[in-house]
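Readers should treat all values here as calculations from the given coordinates under stated rules, not as data from a laboratory. This structure is a prediction, so every number in the text was calculated from the model and none was measured. Ideal geometry is used to build each Cβ from the backbone, glycine not excepted, and the neighbour counts take in all protein chains shown.
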Amino acid sequence: MQTATLSAAAALLSGKLFAQGRLTKKVAIQLFSVPKALDTDFAGTIKMLAQIGYKQVEMYGPYPFSTQAAQDRWNAVTPSLGFKGSGFFGHTAKEVKDILTQNGMTAPSMHTDLDTLQNAMGKLADAAHTLGATYVVLPAIPDDKRKTPDDYKNMADAFNKIGESAKKEGVKFAYHNHGYGWREVNGQVPIKLILDHTDPALVFLEMDLYWTTAGGADPVTLFTTYKNRYRMVHIKDMKEKVHFSGDGGDSKQWIELFPYMTSAGSGVLDLKTILTAAKKSGVEYFIVEQDMVANPEVALKKSYDFVASL
């Protein structure tokens, strides 16, 4: 009943909020939406995204300065992905900045890995400053560090340390949730151990709407409960509402749900209500993400047109 009440309240607010102005003047795109194209022609793909209308990009790692462990993990999975490119795609950070500037774009955030956040924050922050990025983001917790509720408590402590390190370097740390951690374990919701035991001044959040919904959580409730914690949101839609077959903790369960992803506004998620709640909660960056999407010129334009119309 509480969830229904919050959703209804957000729906009532949506008309008033959007009447005051558009959701955002700068729709962003997560570059993992088009990795193969970037790998083949980085500058040309950035130009294509700019021509669609995107004004911001979110990078993904590893980067040239990422730890060897991060590089090794990436190299182990790229054969199955069908591409190798990541980070700056053979360019320097300055060259990437110049390409973005030439296309009227900026890069406010950078996804990276836990090893790099813990062991190479200085180099990561230097690259962020060169790009003009504000946030350095962990997209997923390694499998071996989220087996038990105690693991999540340990990650909360680690996040606070990373956040403090990021602050000293002049950037902000954020955690992007995936699909795991939403189901109760021994009476506890693991992901909430992170949300409730991290310092709001040091650890910010990026919500993935698709994986949050697939995990059984309600985005509107989270935005309302954790006001000012969420600063970014990944926008993708579902062809029909689906949940993980298990706890959302492994790639097999993620892959099962890939076919249900669709362009924003083409599915069943009430994105207008959800994004209204996001904006009211303090979200700064609205980022379209359609993992390795087919026909990006068409699919990503549909998503852009929908988000830009709000």
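Taking the beta-carbon count within 10 Å as an exposure proxy, list Val185, Val293 from fewest neighbours to most.
Values: Val185 14, Val293 19.
Ordered by Cβ neighbours within 10 Å, fewest first: Val185, Val293.
Could you derive backbone 3J(HN,Hα) for region 190-205 from the dihedral phi with the Karplus parameters 6.51, -1.76 and 1.60 (θ = phi - 60°), listing whole Hz in sequence and x where the residue is Gly or Pro? Running phi through 6.51 cos²θ - 1.76 cosθ + 1.60 with θ = phi - 60° gives x, 5, 6, 5, 7, 4, 8, 10, 10, 6, x, 7, 10, 10, 9, 10 Hz.
Partners of Lys301 within straight-line reach, counting lysines whose Cα lies under 19 Å from its Cα and excluding those fewer than 8 residues away in the same chain: Lys25, Lys26, Lys36, Lys47, Lys55, Lys236, Lys239, Lys272. In summary, the helical segments of the chain meeting the span-like criteria, namely a full DSSP H run, a Cα extent along the axis of 18 angstrom or more and a mean Kyte-Doolittle hydropathy of at least -1.0, are 2-19, 68-81, 296-309. Peptides 86-93, 53-60, 218-225 ranked from most to least packed, by the mean per-residue count of other Cβ atoms within 10 Å: 53-60, 218-225, 86-93. Computed on region 122-222, with alpha-carbon pairs under 8 angstrom and 6+ residues apart, the relative contact order is 29 percent.
Compute the Cα gyration tensor for region 58-179, then decide on rounded, prolate or oblate, letting a ≥ b ≥ c be the square roots of its eigenvalues: rounded whenever a/c is under 1.5, prolate when a/b is larger than b/c in the other cases, and oblate in all that remain. Oblate, because a/c is 1.5 or more while a/b does not exceed b/c.
Shape class for region 177-303: oblate, because the ratio a/c of the largest to smallest gyration tensor axis (alpha-carbon atoms, square roots of eigenvalues) is 1.5 or more and b/c is at least a/b.
When you filter the GluC sites (Glu not before Pro) in region 213-297 for DSSP loop state and at most 10 other Cβ atoms inside 10 Å of their Cβ, you are left with Glu240. Here Lys172 is the anchor, and the aspartates and glutamates within straight C-alpha reach of less than 14 Å, apart from those fewer than 8 places off in the same chain, are Asp126, Glu164, Asp199, Glu206, Glu284.
Each of Glu184 and Ser266 was given a label point 7 Å from its Cα along the Cα-to-Cβ line. The distance between the two points is 3.8 nm.
Each Lys and Arg contributes +1 and each Asp and Glu -1, all at the Cβ; summed about the Cα centre of the chain, the dipole is approximately 960 debye.
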